[in-house]
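The values are calculated or read from the model by the stated rules, or taken from the named source; none is laboratory data. Note that this is a predicted model, so its numbers are computed, not measured. Glycine gets a Cβ as well: all are built from the backbone with ideal geometry, and neighbour counts include every protein chain shown.
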Amino acid sequence: MDPILDFTGKVALITGASSGFGKLLARELGERGAKLVLGDINEADLMTVADELGGAGIEARARRCDVSSETDCAALVELAQAEFGGLDIAVNNAGIAPPMMSVEDTSEAEMDRQYNVNTKGVLFGLKYQLPLMKQRGGGAVLNVSSMAGIGGAPKISSYAAAKHAVIGLTKSAAMESAKYGVRINAICPFFTLTPMVTDIETPGVSQQDFQASLASGCPMRRLGKPEEVIAAMLMLLSPKMTYVTGQALAVDGGMSAM
């Protein structure tokens, strides 16, 4: 196996692992030798994913994890310690989609909902993941932000604010952890064909037209494919990417170049 993408013996924790990026990344890391610790609030689908991975010969442990709960995030890290003796990789991927609404219509409850999952979920992950990695002498964390975390995002201001905060956490934690050999980066995808996009229902608008509308402003004139984002995630997590930390990588079909 190419050493750039060889994760043999690495212990990798992934939140939001029952679908989308988390599910796909779990399989890719597992097929490259990683041992997996998986969490998701959707316990039934999560256990199905873990069983499928186990059937493919991949070592995987799973437990329900609501990332807005500090207790759940701590317990998921404890599972990695108990089952595999430590932690080398963490992907704070769990997140929720926003409702489409103006700033004026955004409620305190919606802002809290976005921060509780999309921002606190990353904070709580880092809080418990980093000590294990420091004990290990190094590691790699990848936080899933969004293109909405880099620029403005009309009609989804609460989500954009929460995802901007993810990048702030990423950069700050990266500076704190660099001397311990722990790298912390963020990935910022444009709209990608995962359930977070394909499950959105817009009254009076077909899914095809909705996707075309989202893609119209992108230089590549299309939405991202999940495998394109996963490829970037694998590279940022690669054991050979030892001098890359504190970065927010846009995977966006050229949007950030505009």
Item checked: Hits in segment 1-20 (condition: under 20 Å from Q129 (Cα atoms) and not in a loop (DSSP other than H, G, I, E, B)) -> V11, A12, L13, I14, T15
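Can you tell which of K155, K179, K163 is modelled with pLDDT of 85 or more and either of a type in the set (A, V, I, L, M, F, W, C) or more than 17 Å from M100 (Cα to Cα) (or both)?
Just one listed residue meets the conditions, K179.
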Margin query: For segment 225-257, which positions are assigned to a loop (DSSP other than H, G, I, E, B), more than 18 Å from P3 (Cβ to Cβ) and without any contact (Cβ under 8 Å) to a residue 40 or more places away in the chain?
Written below: K225, G254
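If only one of D51, D66 is within 12 Å of L38 (Cβ to Cβ) and not aromatic (F, W, Y), which one is it?
Unique residue meeting the criteria: D51.
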Check: Which residues, taken from segment 35-87, are surrounded by fewer than 24 Cβ atoms within 10 Å (Cβ to Cβ) and assigned to a loop (DSSP other than H, G, I, E, B)?
Finding: I41, N42, A56, G57, I58, E59, D66, S68, S69, G85, G86
Check: For segment 68-124, what are the residues that are hydrophobic (A, V, I, L, M, F, W, C) and either without any contact (Cβ under 8 Å) to a residue 12 or more places away in the chain or not assigned by TED's automatic domain parsing to the domain that holds A160 (or both)?
Finding: A82, A109
